[in-house]
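> My questions will all concern the structure given below.
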Amino acid sequence: MAKAISQYFKRIFDDYQVLVMVNPTDFTGVELIVHPDGKIEKTDMEFDEEIFEDLQVDEFKPCSALEFQLTLAKA
């Protein structure tokens, strides 16, 4: 069985940004919140099967795995 490739999203708010990684197989992932002072908050997440619709409604846009991993490395 092939391993699913995680999908990455981000949204930039007024003074912070949120990046989200979603594993579409089991709906687990990671949320990164980048604060204005550069502090990065990392949270392991468990989503439901509607996560992709939720992200679209909340105006998250796809982002690259590289961008997510570079941000995660600073957390």
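> Expressed as an acute angle from 0 to 90° and rounded to the nearest 10, what is the orientation of the C-alpha long axis of helix 65-74 relative to the principal long axis of the chain?
50
> What order do ASP44, ASP58 take when sorted by accessible area (1.4 Å probe), most exposed first?
ASP44, ASP58
> Put +1 on the Cβ of each Lys and Arg and -1 on the Cβ of each Asp and Glu in the chain; which of HIS35, TYR8, ALA65 then has its Cα farthest toward the positive end of the dipole?
Selected residue: ALA65.
> Further question on the same structure: Could you give each residue of the stretch 51-58 its phi-based ³J(HN,Hα) in whole Hz, using Karplus coefficients 6.51, -1.76, 1.60 with θ = phi - 60°, and x for Gly or Pro?
Result, ordered by residue: 4, 5, 5, 4, 5, 5, 4, 7 Hz.
> How much net charge surrounds LYS10 when only the other residues with a Cβ under 9 Å from the Cβ of LYS10 are counted, with Lys and Arg +1 and Asp and Glu -1?
+1
> Under a Cβ-Cβ cut-off of 14 Å, what is the net charge of the residues other than LEU32 that fall near it, where Lys and Arg count +1 and Asp and Glu count -1?
+1
> Based on the Cα gyration tensor of the stretch 2-75, what are the three equivalent ellipsoid semi-axes, each the root of five times an eigenvalue, rounded to whole Å and given largest first?
Gyration-tensor ellipsoid for the stretch 2-75: 20, 14, 10 Å.
> When ligands, DNA and RNA are left out and all protein chains stay put, how many square angstrom of accessible area per residue does the chain have with a 1.4 Å probe?
Using a 1.4 Å probe on heavy atoms only, each residue of the chain averages 69 Å².
> Let me have the relative contact order for the chain, percent, based on Cα pairs under 8 Å that are six or more residues apart. Intermediate results must be reported in sequence, preceding the final value.
On the way: 118 pairs, mean separation 22.4, N = 75.
Relative contact order for the chain comes out at 30 percent.
> Shifting gears a bit: Quantify, in whole percent, the carbon and sulfur part of the accessible surface of the chain (1.4 Å probe; protein heavy atoms only).
Values: 2730 of 5200 Å².
The value for the chain is 52 percent carbon and sulfur by accessible area.
The values are calculated or read from the model by the stated rules, or taken from the named source; none is laboratory data. Note that the coordinates shown come from a computational prediction; the quantities given were computed from them, not determined experimentally. Heads up, the Cβs are rebuilt from the backbone with ideal geometry, glycines too, and the neighbour counts pull from every protein chain shown. Protein only, heavy atoms only, side chains kept; ligands, DNA and RNA dropped before computing areas. Shrake-Rupley method; radii C 1.70, N 1.55, O 1.52, S 1.80 Å.
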